[in-house]
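Beneath this line is the structure, given in structure tokens, with notes to follow.
The values are calculated or read from the model by the stated rules, or taken from the named source; none is laboratory data. Note that the structure is a prediction, hence the values are computed from the model and not measured. Here Cβ is always computed from backbone atoms with ideal geometry, including for glycine, and neighbour counts include all displayed protein chains. Just the protein is used for accessible areas: all its heavy atoms, side chains included, with ligands, DNA and RNA removed. Shrake-Rupley method; radii C 1.70, N 1.55, O 1.52, S 1.80 Å.
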Amino acid sequence: MGFNIVEKILKNHLVVGEMKKGREIGIRIDQTLTQDSTGTMAYLQFEALGVEKVKTKRSVAYIDHNMLQTGPENADDHKYIQTVAKKHGIYFSKPGNGICHQVHLERFGVPGETLLGSDSHTPTGGGIGMLAIGAGGLDVAVAMGGGEYYIKCPQVIKVNLIGKLNAWVTAKDIILELLRRLTVKGGVNKVFEYAGDGVKALSVPERATITNMGAELGATTSVFPSDEVTKEFLKAQNREDDFIELKPDEDAFYDDVVEINLNELEPLIACPHSPDNVVKVSDLKNVKVDQVTIGSCTNSSYVDMMKVANILDGNTVHEDVSLVIGPGSKQVLNMIAENGALSKMIASGARIIESGCGPCIGMGQSPANNTVSLRTINRNFEGRCGTVSAGVYLVSPETAAVSAIKGYITDPREFGEEIKVDVPKEFLINDNLIVKPAENASDVEVIRGPNIKPFPLAEVLKESVEGKVLIKVGDNITTDHIMPSNAKLLPFRSNIPYLSDYCLAPCNPEFSKRAEENSGGFILGGENYGQGSSREHAALAPLYLGIKAVFAKSFARIHMANLINNGIMPLVFKNPSDYDNIDEFDEIIMEDTVNSVEKGEVMIKNKTKGMTYSMKLEVSDRQKEMLIKGGLINSIRNK
Ligand code: MIC
Ligand code: SF4
């Protein structure tokens, strides 16, 4: 039996373990990326590891999230990241150079290589044939230091794209269709490998839109073949030498196959408040739109921007709509400025913002109360845009631009003849916002602002762990619930004591107070607890507040790893209905914990209800050791 693309890349990078489905394997990481909202913490952790120079082929530190400078905190953190990067062999992408995933695709991504990023949308790199995975900052720090990265050897799902997309139906609609079918937890511990005739017609940026939003499926990553299209893209980026061909063997095995007939797809839309709440755009009648934002790592490429510019050309944005456009990178912005497309956008009434995450993470442009915001981003979790009462819908750039003109959610097919834009034969290349690492590390002084506070470290596991259930939450709790991010909180990503006051606040603003009053305790969650972002802060804040374990029906992959790295037990109910028998403030005790962790089965006693529940700890031996020794940093230090 031959190999699929995922297996080929994994085999080439395997350092620890055997390629048996579900078993933990350690892989060598060729490239890493960080962004600024997770990067400050990741580099503090990297420094704590005491490694002088990164051991990867290429590591890049991007500034794209914390771009609003309403106080000195973000600029201070950027100085820290710039100097620490320069000292330790890391390339630094200055603010203004663009969104990490977009820039990485343009300037650094290499087919067949592995990429680990401290951002959940790192799988964008799968569009260029990388095995690109999102992880917590600490895992990225370890990879920069030359350590392997551990994943469960994934199931590989073939997504067979057959036929051809109709006019006005886009790559975004392909991934929305998958989300509609498989839901936000349909991809856990799976990698999606794209195949079929439909692949050839998709450009690299379109492929990247699809792999980007594979993160919303909960997938470990997604990957496209590396073919003639990839070669042309790399050539246009003046990086033809980075090309290698990647395709599955004829007789490759897949754990499952999903088929999408592109001819049958229509423009789709994800309704509030989940990326899998997908319907046809044409099903939504007379939904008035107040704000439209076009951009983010999902849809901000040159081709996306050109299509939008051509739709807006000669039209005026509806008087009740605020249209905000953020081109994904300096390269894109520069090109549309030179060819006049930017001017078309401005003339139509669009508000142009700098290349960065911006509205996607609530860094400005929060919509008005009780309004509808139509966005080309990947996540529409409640409150993420900065306005809890707003309804965010996710669409393609085409649907967004047409709707901005009409003033209500509009099927772009109503616009008339389709607008076609090809990937240019040559991109405008100017890497002057990428700062190279220093030749001599001792020349660089690392600058630290006063907002950088020490991060909490877990403790060795106690034989008996006791406390109250401080909060009970439902299914699909996101990291935006656990550690909210917006323009007010993002500047404190290097200040866990400050951030922890807001931990789980969207679910219950009393949570952190309860944790303090009870000297910590437990969290009770439902299915897919911790979906969404890679932010380690969603584990660090609970750690700071004394949370010892999270009980849930199931966990999202990255969050679960972050909990373990920080010594917090992610325990899964053997019998999910036990969830119903636990209430807030119930007193829980776990005994003989070290033994139980080693066995992978923990009994929790509910003293209040006089009941006992059996919990599974579905983790590797390496992770068990971490839980016993008090997290990843302590377990590395012990060695
Ligand atoms: C996101 O899209 O939620 C973010 C902000 O990019 C996060 C990273 C973070 O929380 O800093 C992600 O996707 O990992
Ligand atoms: Fe930035 Fe949004 Fe992409 Fe996250 S999803 S990296 S916030 S653009």
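Just a few scattered comments:
- Restricting the calculation to alpha carbons of segment 463-526 gives Rg and Dmax of 12.5, 41 angstrom.
- Solvent exposure of segment 131-220 amounts to 24 Å² per residue of accessible area, where only protein heavy atoms count and the probe is 1.4 Å.
- Atom-type composition of the exposed protein surface of segment 155-314 places 43 percent of the accessible area on carbon and sulfur (1.4 angstrom probe).
- R535 contributes an accessible area of around 10 Å² to the protein surface, as traced by a 1.4 Å probe with all chains present.
- The spacing between segment 155-205 and segment 328-365, judged by their C-alpha centroids, is 27 Å.
- Restricting the calculation to Cα atoms, every distinct pair contributes to the Kirkwood radius of segment 160-267, found to be 14.5 Å.
- Convex hull volume of segment 52-187 per residue (C-alpha atoms, cubic angstrom): 161 Å³
- Direction-averaged projected area, Cα convex hull, segment 433-553: 10.5 nm², rounded to one decimal.
- Loop-resident trypsin sites (Lys or Arg not before Pro) (DSSP state other than H, G, I, E or B) in segment 270-347 with no more than 15 further Cβ atoms inside 10 Å of their Cβ: K285.
- Above-threshold pairs, the threshold being 25 Å between Cα atoms, out of K288/K420; K20/K57; K79/K513; K235/K436: K288/K420; K20/K57; K79/K513
- Taking 22 Å as the limit for the C-alpha separation, the pairs K11/K55; K548/K616; K462/K599; K158/K185; K55/K190 exceed it in the case of K55/K190.
- Alpha carbon Rg of segment 585-625, scaled by the compact-globule rule 2.2 N^0.38 Å: 1.26
- Counting only protein heavy atoms and using a 1.4 Å probe, the accessible area of D443 comes to about 120 Å².
- Per-residue ellipticity at 222 nm computed for the chain from its helices equals -8000 deg cm²/dmol, with DSSP H segments shorter than 4 residues left out and the rest contributing -39,500 (n - 2.57).
- For L323, distant residues with modelled amide H under 5 Å away: V292, R351
- The value for the chain of Rg(Cα) / (2.2 N^0.38 Å) is 0.92.
- For segment 377-465, alpha-carbon Rg over 2.2 N^0.38 Å: 2.05
- Longest to shortest principal axis, alpha-carbon extents of segment 547-639, angstrom: 42, 27, 22
- Distance from segment 569-624 to segment 406-425 (C-alpha centre basis), Å: 53 Å
- Rh (Kirkwood; distinct C-alpha pairs) - segment 330-480, Å: 21.0 Å
- For segment 63-112, taking Cα atoms only, Rg and Dmax work out to 12.4, 42 Å respectively.
- Averaged per residue, segment 21-81 has 35 square angstrom of accessible surface, using a 1.4 angstrom probe with ligands and nucleic acids left out.
- Placing a label point 7 Å from the Cα of L457 along the Cα-to-Cβ line, the residues of segment 29-56 whose backbone N sits under 11 Å from it are 48-49.
- Each principal axis of segment 532-600 carries a Cα extent, and these read 30, 26, 22 Å when sorted largest first.
- Around the amide H of K164, modelled in the peptide plane, lie the amide H atoms of L262, N263, all under 5 Å away and 5 or more residues distant in sequence or on another chain.
- With all pairs of separate Cα atoms included, segment 93-161 yields a Kirkwood hydrodynamic radius of 13.1 Å.
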